Amino acid sequence: MLRRLLTLLAVALLGLAVAQSQIEIFSWWAGDEGPALEALITQYEADHPGVEVVNATVTGGSGVNARAVLKTRMLGGDPPDSFQVHAGQELIGTWVVADRMEDLTFLYEEMGWFDAYPQGLIDAMSTDEGIWSVPVNIHRSNVMWFVPAKLEEWGITAPTSWSEFLTICPAIQANGVTPLALGENWTQVHLWESVALGVLGAEDYDKLWTTELAFTDPKALEVWDVFGQVLDCTNDDAAGLSWQQATDMVVGGTAAFNIMGDWAAGYMSTTLGLEPGVGYGWAASPGTNGVFMWLSDAFGLPMGINNREGTLDWLRLVGSAKGQDIFNPLKGSIAPHFESDLSLYNAYLKSAAADWQSNEVVGSLAHGAVAKEAFMSDFATVMEIYLATGSAEGAANAAQAIAGQVGLGQ
Amino acid sequence: MKLTRDRWMAVLMLLPSVVLIGVFVYGFIGQTAWTSFSDWGRVSSQALAVDPEIELVGWANYRDLFTGFIDVRFRQDLVNTFFFTIFFLAGCLGLGLGLAFLLDQDVKGEGFFRTLFLFPMSLSFVVTGTVWRWMLQPRGGVNVLPTTVGLPAWEFRWLTDRTQIWRFDWNALPSMTGLLVAVVLAGVALSSWRDGRRRRAGVALASAALLGGWALTLGRDVALLPYPQLHGFNVAFVGIILAAVWQMSGYTMALYLAGLRGIPGELREAARVDGANEVQLYRHVVLPLLQPITLSAMIILGHISLKIFDLIFAMAGADNATTDVPALLMYLTAFRANQFSKGAAIAMVLLVMVAAVIVPYLWTSLRGETRR
């Protein structure tokens with residue numbers, strides 16, 4: 001008995017001696033999205049033996065719970081070594097302005113990333129004082145999904161503008177099919193931003209977030225009018241469906257189109273086992289052909305962490321083409337790095353990567369790229385006001401009031 | 001008062017609890033109150049900074065909550081809480097009383113049924129919320145039940161319903177509450193007159209007339225907001241009330257059962273001898289004796305319903321605006337939108353609401369004890 005105890009003690013002490021250092025990676029990639037992160041961690045641990053990666057995840061789609069946990073940790077003085085964040089204003093408006101992140105310009109210069117990512121992306125991740133995050137993936141927000149065989153059956157083609165969509169809407173409804181499948185709350189904001197991009201165009205859309213274009217401007221008001229008409233072409237029970245269920249409606253033939261980010265491709269390819277191009281098809285959401293609305297998961301370097309060198313190594317891996325090519329095929333997104341090896345990706349992702357390299361890029365609102373968290377959280381109230389009153393002016397006034405109150409664009 | 005050893009021991013025993021409560025309850029309440037009077041979170045560069053610059057701004061946050069344009073959601077939350085509390089209390093008390101009556105009838109297997117009805121209370125709100133969320137899915141769940149007997153499925157949207165009934169204008173609140181209180185006072189006047197207490201009846205009637213008169217004339221012109229704003233009962237709450245009543249009615253049933261058992265048999269016998277039938281027996285003997293139980297159940301359930309958070313979070317999610325409640329809004333305001341001072345203000349409003357319920361109850365019950 002004593003011998004056993006002593007052996008146990010010896011092993012524990014040995015373990016303590018061997019585990020030299022660790023880095024803690026905080027993210028919301030649990031469940032379906034876990035394997036991609038695991039693959040990256042495995043690569044890191046192979047490259048840096050002796051450094052243990054603590055995989056701290058908080059479940060909850062789009063980080064709704066993880067962000068709250070992160071805030072309590074940061075305010076409590078216990079920052080994780082690096083945390084997943086949506087690149088853009090979600091990081092800048094919350095943590096960068098609070099002086100809690102380190103400038104990564106030196107890392108970009110060292111790794112040559114200024115030539116590896118599109119300028120639009122780098123601009124979105126920067127302020128006057130530096131660059132703040134390293135992107136690991138790119139998802140596209142403005143994609144419209146459909147089943148080609150079904151479209152042929154109904155005799156329609158994917159519309160190229162919202163007015164065209166609204167024209168074919170009654171014909172589709174006459175067939176007993178919902179023209180546009182919609183899900184719960186955040187998918188409505190997701191739809192709104194595609195409508196906004198389609199109605200305003202890339203330039204005016206960007207102006208909304210720098211407050212050069214007021215929400216109460218007639219051009220912006222038109223977005224709400226079109227949005228209201230588009231909502232009339234969606235399913236009644238949207239609020240009770242998850243985004244996967246809305247996608248299921250398209251696959252099952254009860255809906256014609258669905259506007260969703262390209263994680264829907266991952267869902268349809270991997271979970272539903274459909275072949276890209278055959279089992280499902282895609283197009284840019286109406287009126288946004290040639291514009292890539294991106295959202296990106298990224299990692300930054302918080303101040304006051306335990307293992308700065310280990311974390312910098314993590315950032316080097318995450319931002320490199322090699323690391324991104326390990327992560328993204330499993331995640332179902334594309335690599336922001338121009339030197340990504342496209343042979344590792346499926347048919348949809350190849351087409352998305354081609355668009356990424358050639359299209360104009362704008363950031364997504366619903367996924368934290370262009371507006372700070374306070375605005376996004378209050379935008380839910382704006383959406384509520386619109387859905388309750390149906391008034392474009394009411395929603396626009398509310399949006400303008402919120403933009404002023406939270407200091408949008410500053 | 002000599003500090004004998006016993007007294008010292010007593011003080012020492014209590015000291016840790018007092019210190020902990022003083023710091024972790026009252027200290028934190030004080031800090032939240034201070035935060036609610038500050039502007040922490042209004043400037044995003046200071047919200048999460050290491051050394052935030054925070055200034056005291058007085059009642060600005062409260063003013064925003066009650067009269068601000070964007071805070072219509074908070075005011076609707078207050079209305080939601082009001083309706084939820086009323087239906088939750090009515091459901092729990094009514095169902096609990098009904099079940100207690102049934103179990104009091106000397107049924108076989110009473111112990112089994114008692115345990116069965118009490119079981120839901122042992123679940124956490126999160127579990128209840130998740131289970132009921134699945135059951136109330138509009139496309140599956142209970143809506144599919146009629147199809148088992150060949151009828152078409154129900155179309156009620158449960159938690160995703162967007163309709164709002166019993167709409168009223170927020171600016172009509174002062175006159176509506178004035179009128180309600182006037183009616184209650186008139187009822188008090190009537191019952192006082194019947195009991196023969198003339199002076200009390202007179203005072204109550206005069207107050208009722210005054211208040212009612214004000215409510216119908218000057219009260220109408222009181223404008224809380226510079227524009228009309230409609231609020232009402234969100235039908236989506238029906239599902240949540242159902243789940244909450246399912247969980248807590250066992251508690252009221254247990255309370256009432258104990259109360260019913262505590263009524264001495266002689267009282268019932270005496271009533272029957274005096275010629276009362278069953279209905280009169282319950283109405284005039286049993287129910288009045290159950291009043292203290294009703295009161296304490298109302299207090300406990302009331303403070304649960306005012307602060308409810310986890311049931312709504314599990315059932316409808318944090319983003320379903322139609323089933324929003326102040327506690328949920330506080331979480332979103334503080335931890336999603338980084339507006340800590342506004343979240344603190346919502347927390348203080350919640351505290352005042354719950355204190356208004358609990359403190360009078362504690363005051364009267366403690367006063368009663370010391371008098372003995």
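Here, chain A yields an orientationally averaged convex hull projection of 22.4 nm² when only Cα atoms define the hull. Computing Rg and the Kirkwood Rh from the Cα coordinates of segment A:258-380 gives a ratio, Rg/Rh, of 1.00.
Taking a ≥ b ≥ c as the square roots of the eigenvalues of the Cα gyration tensor of segment B:145-242, is the shape rounded (a/c under 1.5), prolate (a/b larger than b/c) or oblate? Oblate, since a/c reaches 1.5 and b/c is not below a/b. Cut-off 14 Å, label point 7 angstrom out along Cα-to-Cβ of residue A:306: give me the residues of segment A:39-55 whose amide nitrogen falls inside. A:51-55, by backbone N distance to the label point.
Run through the DSSP bridge list for the protein assembly as shown and note the antiparallel percent, rounded to the nearest 5.
55
Averaged over the residues of peptide B:332-342, the number of Cβ atoms from other protein chains lying within 10 Å of each residue's Cβ is 5. Only Cα pairs under 8 Å and 6+ residues apart enter the sum, and on that basis the relative contact order of chain B stands at 28 percent.
Compared with the dominant Cα axis of chain A, that is its longest principal axis, helix A:243-252 is turned about 50°.
Counting DSSP beta bridges with both partners in chain A, what percentage is antiparallel, nearest 5?
Bridges in chain A are about 50 percent antiparallel.
Across segment B:202-337, the volume of the C-alpha convex hull divided among the residues equals 209 Å³ per residue. Here the calculated FRET efficiency for residue B:154 and residue B:191, from their Cβ-Cβ distance with R0 = 51 Å, stands at 0.70, rounded to the nearest 0.05.
Membrane-span-like helices in chain B, defined here as complete DSSP H runs extending at least 20 Å along the helix axis by their C-alpha atoms with mean Kyte-Doolittle hydropathy no lower than 0.0, are B:5-21, B:72-103, B:173-195, B:198-216, B:237-262, B:291-306, B:340-371; this is a sequence and geometry rule, not a statement about a membrane. Each label point was placed 7 Å from the Cα along the Cα-to-Cβ direction; for residue A:119 and residue B:169 their separation is 5.6 nm. Each residue in B:222, A:382, B:43, A:53 was given a count of other beta-carbon atoms within 10 angstrom of its own, and listing them fewest first yields B:222, B:43, A:53, A:382.
Taking a point 7 Å from the Cα of residue A:341 along the Cα-to-Cβ direction, the residues of segment A:301-325 with backbone N closer than 20 Å to it are A:316-325.
Across the alpha-carbon atoms of segment B:15-164, the computed radius of gyration and Dmax are 24.0, 68 angstrom.
Where a ≥ b ≥ c are the square roots of the eigenvalues of the C-alpha gyration tensor, would you call segment B:289-372 rounded, which needs a/c under 1.5, or, failing that, prolate if a/b is larger than b/c, or oblate? Oblate is the answer for segment B:289-372, as a/c is 1.5 or above yet b/c matches or exceeds a/b.
Between residue B:299 and residue B:229, the simple spin-label model (points 7 angstrom out along Cα→Cβ) gives 3.3 nm. Panel order for A:268, B:353, B:330, A:303, by other beta carbons found within 10 Å of each beta carbon, from fewest to most: A:303, B:353, B:330, A:268.
Of B:331, B:256, A:345, the sequence from fewest to most neighbouring Cβ atoms within 10 angstrom is B:331, A:345, B:256. Legend note: in the protein assembly as shown, cysteines whose Cβ sits 4.7 Å or more from every other cysteine Cβ are B:92. With each label modelled as a point 7 angstrom along the Cα→C-beta vector, the residue A:65-residue B:56 pair spans 3.9 nm.
The angle separating the long axis of helix A:34-47 from the principal Cα axis of greatest extent in chain A is about 30 degrees.
Cα-based radius of gyration for chain B, normalised by 2.2 N^0.38 Å, reads 1.20. Axis of helix A:347-358 versus longest Cα principal axis of chain A: the two differ by about 90°, to the nearest ten degrees. Taking a straight line from the alpha carbon of residue A:150, these aspartates and glutamates sit under 16 Å away, with near neighbours fewer than eight places off in the same chain left out: A:248, A:275. Neighbouring Cβ atoms from other chains, within 10 Å of the Cβ of residues in A:376-387, number 5 on average.
Relative to the compact globular guide of 2.2 N^0.38 Å, what is the alpha carbon radius of gyration of segment A:189-312, as a ratio?
Taking the Cα Rg and dividing by 2.2 N^0.38 Å, one obtains 1.35.
With the alpha-carbon atoms of the protein assembly as shown aligned to their principal axes, the span from lowest to highest coordinate is 96, 80, 58 Å, starting with the largest. When Rg and the Kirkwood Rh are both derived from Cα coordinates, the Rg/Rh ratio for segment A:254-325 amounts to 1.15. Dividing the mean sequence gap of close Cα pairs (under 8 Å, 6+ apart) by how many residues segment A:185-230 holds gives a relative contact order of 38 percent. Could you work out [θ]222 nm for the protein assembly as shown from helices alone, using -39500 (n - 2.57) per DSSP H run of at least four and dividing by all its residues? Round to the nearest 500 deg cm²/dmol. One gets -17500 deg cm²/dmol as the mean residue ellipticity at 222 nm.
Per residue, the convex hull spanned by the alpha carbons of segment B:1-84 comes to 207 Å³. Given a cut-off of under 8 Å on Cα pairs at least six residues apart, what relative contact order in percent is computed for segment B:103-180? With pairs under 8 Å counted, the relative contact order is 15 percent.
Bear in mind that the values in this text are calculations on the coordinates, not laboratory data. If you're wondering where the values come from, they're calculated on a predicted model, not measured in any experiment. With ideal geometry, Cβ positions are generated from the backbone for all residues, glycine too; neighbour counts draw on all protein chains shown.
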